Structure formats: structure tokens, C-alpha cells
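Here is the structure we will look at.
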Amino acid sequence: MKIYRFLTVCLLTFILTACGDLANFKEQADEKFGDQHFKTAIALIELHKVRFGEYPQSLDDLQFTGDWDMMALSSVNYTKLDQGYDLDITTGWVGQQNWIIQKSFARFRIKK
């Protein structure tokens, strides 16, 4: 019985140390998911352009989306411009954007 207790303690210690800084888990998850959502939105918008020859008027016009894509699209603000579009990230996984994405990528503007 003591061996099981010892192994459990060792396993928990290993897991907690392998996970890194647990205090920053939410911030790290927000950053990762926010970055992925942003890139997913860009890919879907660009796919629409390839398929239909123009950028969508709104994100609701996107036709080739899956269930997970809707989560990504709800994390961004999209504005169609005369020549291109603006795309701003608004949220990550569970919180508001409070991380730094590369400055050249934080606000994405495509112009023809």
C-alpha cells in the first residue's frame, strides 16, 4: 500500500513539474488559442476569396466552415475594405486579448 502512495506522489510531482508554470496556464492557453483562431480566420477568409473572387462582406458569408471554425470566427472582428480587409483578434480561449502577437500580425490588413 505504501508503494502505491509513493508512486502516486511521484507521478503527481512529475505531472506538476512537467506542466511548467500552472499559474500562467490561462494566459498561455489564451495566447495559443487566440493565435490559432486568428490564423484560422485568415485561412477561411482567403479560401472564400479564392473560391468566389472577392472577400466576404461579413464572416457570416463564409460557406466552407466546420464546427470548430465557428469558435475561431467568434474570436475576431472582421471589416471588409474597398481593397482588402481588416481583421482584429478579440479573445483567446477563455478571456479577453491581453497578450502580444507579433506587431506585424496583431492587426491584419490585406490590400489588393
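Rule-based calculations on the coordinates, nothing more; no lab input. Please read these numbers as outputs of a predicted model, since none were measured by experiment. With ideal geometry, Cβ positions are generated from the backbone for all residues, glycine too; neighbour counts draw on all protein chains shown.
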Inset, instruction - Would you mind calculating the gained length between residue 12 and residue 86 on full extension (0.36 nm times residue separation, minus the Cα-Cα distance), in nm to one decimal? - result: 22.1 nm
Legend entry - Prolate/oblate/rounded call for the stretch 23-96, Cα gyration tensor, a/c under 1.5 rounded: prolate
Inset, instruction - Give me the net charge of residue 40's neighbourhood, meaning all other residues with Cβ under 14 Å from the Cβ of residue 40; Lys, Arg count +1, Asp, Glu -1. - result: -2
Inset, instruction - Figure the gain on full extension for residue 60 and residue 43 (residue separation times 0.36 nm, minus the Cα-Cα span) and round it to one decimal in nm. - result: 4.6 nm
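If R0 is 22 Å, what FRET efficiency do you get for residue 79 and residue 36 from their C-beta distance, rounded to 0.05?
0.55
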